[in-house]
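First the structure, in the form of structure tokens, and then the observations on it.
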Amino acid sequence: MSYITRITNTEDMAFEVELNGHRFMIDADERVGGKDKGPRPKALLLSGLAGCTGMDVRSILGKMKMPFDSFSVEVDAETTDEHPIVYTRIMLRYIFTGQDLDRAKIQKAVKLSTEKYCGAHAMLGKAATIDYEIITN
């Protein structure tokens, strides 16, 4: 699979991103000349990680026929203080609500995603420690 992306500077630190026909803005923080017209590029790495593993887990649980009412993934990250500022520790929170949640199935799906299927996890895991927790309500 191939991904083609292009960014075009629109003003100051803002860029329009085109990724496989989808368009959105990225921008820098106001402290460095941005105007907050979009998310920061590095933070999008965390969104990509959440999306990658979230889609894996959703697909695996669908195959396991495990029902749930809602499912979300939250990501927190710690960074270095010095440049280049990089992520050093990432925490994934898999949050489920529902009546008949099977924690063993959820654990298996998360483990398969984080250890086998999620390419974003594999890449970011080479640069930062990635931990996770499962929250069921």
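As a calculated quantity, the FRET efficiency between residue 112 and residue 70 at R0 = 22 Å, using C-beta atoms, amounts to about 0.60.
In the assembled protein chains, residue 132 presents an accessible area of approximately 80 Å² (probe radius 1.4 Å).
Listed values for region 127-137 are Karplus-derived 3J(HN,Hα) couplings in whole Hz (6.51 cos²θ - 1.76 cosθ + 1.60, θ = phi - 60°), namely 10, 9, 6, 10, 10, 8, 9, 10, 10, 10, 10, and x replaces Gly and Pro. Rounded to the nearest Hz, the phi-derived 3J(HN,Hα) couplings of region 21-34 under the Karplus curve 6.51 cos²θ - 1.76 cosθ + 1.60 (θ = phi - 60°) are x, 9, 10, 7, 9, 10, 7, 8, 5, 4, 5, 10, x, x, where x marks glycine and proline.
FRET efficiency for the pair residue 122 and residue 31, taken as 1/(1 + (r/R0)^6) with r the Cβ-Cβ distance and R0 = 30 Å, rounds to 0.35.
In terms of Cα to Cα distance under 26 Å, which lysines are near enough to residue 108, apart from those fewer than 8 places away along the same chain? Residue 108 reaches 63, 65, 116, 126. Averaging the Cα positions of each part gives two centres, and for region 5-56 and region 94-137 these lie 25 Å apart. Hey, what's the per residue convex hull volume over the C-alpha atoms of region 54-96, in cubic angstrom? In region 54-96, the Cα hull volume divided by residue count equals 66 Å³.
What label, among (i) 1.21; (ii) 1.37; (iii) 0.98, belongs to Cα Rg over 2.2 N^0.38 Å computed from the structure on display? So the structure-derived entry is (i).
Taken one residue at a time, the phi angles of region 111-122 give Karplus couplings (6.51, -1.76, 1.60, θ = phi - 60°) of 4, 4, 5, 6, 9, 10, 9, 7, x, 5, 5, 4 Hz. Gly and Pro are set to x.
The values are calculated or read from the model by the stated rules, or taken from the named source; none is laboratory data. Because the structure is a prediction, the values reported are computed rather than measured. For neighbour counting, all protein chains shown are included, and Cβ atoms are generated from backbone atoms with ideal geometry for every residue, glycine included. Accessible surface is based on the protein model in full, side chains and every heavy atom, while ligands, DNA and RNA are left aside. Shrake-Rupley method; radii C 1.70, N 1.55, O 1.52, S 1.80 Å.
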